[in-house]
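J.: Dropping a structure here in structure tokens format, bear with me for questions.
The values are calculated or read from the model by the stated rules, or taken from the named source; none is laboratory data. This structure is a prediction, so every number in the text was calculated from the model and none was measured. As a convention, Cβ positions derive from the backbone with ideal geometry for all residues, glycine included, and neighbour counts pool all protein chains shown.
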Amino acid sequence: MDLEILSLLEACEYRPKNRTYALRIASPKHLYESPVFDLVNSPLYTIVTYAFEDENPPRLYHSLTESLAKQILTDFKDRGLDQDTLLVHCSRGQNRSPAVGMALNDIFGLGYDRKVLKQKFPEANWHVYRRLLEVSKAI
């Protein structure tokens, strides 16, 4: 499976070439409701959106909860694993989306080298990464 970790702008400009599971991470305060933030209309997309803040260390309000982490993992297992590409994006593509992309890579064995990804995305939100790994052990 190909893995694309992008910013919002990059994701909006992205043109899927094959079946793509697009995992969008929004802020609860800004949910990509404007058409300006729409992804390209394509039958190749399966699009899911989750909202949580990029807080490290996390605060209780609007952080990645255990139930939301479970939903992300279950949705990807049920609807994303049979796709050709995983596209993960957040607003800047530097914190939340790398953490989620790396966690899904590690949990589901997508084939990317963990060390290379960590070097490419040093600002990843490690709380989000660890939360997804912890929750994956319980499901």
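J.: Given the criterion within 14 Å of S7 (Cα to Cα), out of contact with any strand residue (DSSP E or B) (no Cβ under 9 Å at 6 or more places or on another chain) and surrounded by 13 or more Cβ atoms within 10 Å (Cβ to Cβ), identify the matching residue among R92, R131, R96. So that I can check it myself, show each step before the final result.
T.: Numbers: R131 fails: within 14 Å of S7 (Cα to Cα); R96 fails: out of contact with any strand residue (DSSP E or B) (no Cβ under 9 Å at 6 or more places or on another chain).
R92 is the lone residue from the list that is within 14 Å of S7 (Cα to Cα), out of contact with any strand residue (DSSP E or B) (no Cβ under 9 Å at 6 or more places or on another chain) and surrounded by 13 or more Cβ atoms within 10 Å (Cβ to Cβ).
J.: Do any strands (runs of 3 or more DSSP E) lying entirely in the range 17-113 carry at least 1 residues that are among the basic types (K, R), modelled with pLDDT of 95 or more and out of contact with any Cys (no Cβ under 7 Å at 6 or more places or on another chain), and which ones are they? Give the derivation first.
T.: Numbers: elements: 20-26, 45-51, 85-89.
Hits in the range 17-113: 20-26.
J.: Continuing with the same structure: Please give the number of the condition S136 fails out of (1) at pLDDT 95 or above; (2) exposed (fewer than 15 other Cβ atoms within 10 Å of the Cβ); (3) of a type in the set (S, T, Y).
T.: All conditions pass for S136, except number (2).
J.: Are there any pairs with C-beta distances below 6 angstrom linking a residue in the range 20-42 that is farther than 15 Å from D54 by Cβ to a residue that is at pLDDT 95 or above and among the charged types (D, E, K, R), with the two at least 6 apart or on different chains, and if so which?
T.: From the range 20-42, the pairs are V40/R15.
J.: Follow-up question, since we're still on this one. Between a first residue in the range 116-139 that is part of a helix (DSSP H, G or I) and a second residue that is surrounded by 21 or more Cβ atoms within 10 Å (Cβ to Cβ) and modelled with pLDDT under 95, which pairs have beta carbons less than 6 Å apart while being 6 or more apart in sequence or on different chains?
T.: V128/L64; R131/L64
J.: Look through the range 12-50, keep the residues that are surrounded by fewer than 16 Cβ atoms within 10 Å (Cβ to Cβ) and small (G, A, S), and return whichever of them is farthest from L104 (Cα to Cα).
T.: Across the range 12-50, the extreme among qualifying residues is S34.
J.: For L81, indicate whether it is within 21 Å of V135 (Cα to Cα), among the hydrophobic types (A, V, I, L, M, F, W, C), surrounded by 13 or more Cβ atoms within 10 Å (Cβ to Cβ) and more than 12 Å from the chain's Cα centre (by Cα).
T.: Details: within 21 Å of V135 (Cα to Cα): yes; among the hydrophobic types (A, V, I, L, M, F, W, C): yes; surrounded by 13 or more Cβ atoms within 10 Å (Cβ to Cβ): yes; more than 12 Å from the chain's Cα centre (by Cα): yes.
Considered against the rule, which asks whether it is within 21 Å of V135 (Cα to Cα), among the hydrophobic types (A, V, I, L, M, F, W, C), surrounded by 13 or more Cβ atoms within 10 Å (Cβ to Cβ) and more than 12 Å from the chain's Cα centre (by Cα), L81 comes out as yes.
J.: Moving on. For the range 118-139, enumerate the residues that are within 15 Å of the chain's Cα centre (by Cα) and of a type in the set (V, I, T).
T.: V128, the sole residue that qualifies.
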